[in-house]
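Novice: Would you mind keeping the following structure in view while I ask a few things?
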Amino acid sequence: MMVFRSDRSPLDVNQEPGLRSKQPRGIGCLGFTLRGGRTMISMTRLLTTLVFMFALVALSGAREHGKSTDLGNGADFKGKKIEMKDKGKVAYVLSFKAGKEFEATTDGAKNTDVNLFVYDQAGKQVGKDDSPGPKSSVKVTPAKDGKYKFVLTNTGGNNTVTFAVKVAE
């Protein structure tokens, strides 16, 4: 077992008193240099960089509104019942043709707060209904063909929510 003296030189406790260790001065476990306190500064910088990178990755994922399930063509979509937990969030993607207005709605079986947000293909919010209650409705007329993301959130308890989309004829 290696221990270090106050002057940072290694001392082998299993070694006979008076003999110096064969380990070179200034080298500690894992090969990190221990001279002049540089190891602590380097280790702190490394740890800070790793924490920053982890936070950056974690936060960049937050912008994505979670994983989205592609439900196909909006005109063919017949609706979906969703079991949502308290503070739950789901995201769906549907494709629409330009110029055909669609209305997306939610209706919860219980009186929780269900909100509906609609984003275009570029990620820009094009509609929302964040009024209190289990019912939400958003109308959008797409300017061009593309995919739209629907983000549903629920607060105030678990709820069974019906998500539907109706495309104008």
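Read-outs: derived from the displayed coordinates by stated rules, not from any lab. Everything numeric here is computed off the predicted structure, so don't read it as measured data. Using ideal geometry, Cβ is built from the backbone for each residue, glycine included, and neighbour counts are taken over all protein chains shown.
Novice: Report the charge-dipole magnitude of region 68-167 in Debye, nearest 20, computed about the Cα centre from +1 at each Lys and Arg Cβ and -1 at each Asp and Glu Cβ.
Specialist: Values: 17 positive and 12 negative charges, 22 e Å.
Once rounded to the nearest 20, the dipole reads 100 debye.
Novice: Which far-off residues, 5 or more places away or on another chain, put their amide H under 5 Å from the one on residue 100, with H placed in the peptide plane?
Specialist: Sorted by chain and number, the residues that satisfy this come to none at all.
Novice: Could you list 47, 71 so that the one with the fewest beta carbons within 10 Å of its beta carbon is first and the one with the most is last?
Specialist: Lowest count first: 47, 71.
Novice: Three principal axis extents, largest first, for the C-alpha atoms of region 68-167, in Å?
Specialist: Sorted largest first, the three principal extents are 37, 22, 19 Å.
Novice: Continuing with the same structure: With θ set to phi - 60°, apply the Karplus curve 6.51 cos²θ - 1.76 cosθ + 1.60 along region 91-99 and write out the HN-Hα couplings as whole Hz, x wherever there is a Gly or Pro.
Specialist: So the J values, rounded to whole Hz, are 9, 10, 10, 9, 9, 9, 8, 4, x.
Novice: Kindly put 77, 150, 52 in sequence by how many other C-beta atoms sit within 10 Å of each C-beta, fewest to most.
Specialist: 52, 77, 150
Novice: Convert each backbone phi in region 74-90 into a coupling constant with the Karplus relation 6.51 cos²θ - 1.76 cosθ + 1.60 (shift: θ = phi - 60°), then list the ³J(HN,Hα) values in order as whole Hz, x for Gly and Pro.
Specialist: x, 5, 8, 5, 9, x, 8, 8, 10, 8, 10, 7, 4, 6, x, 9, 9
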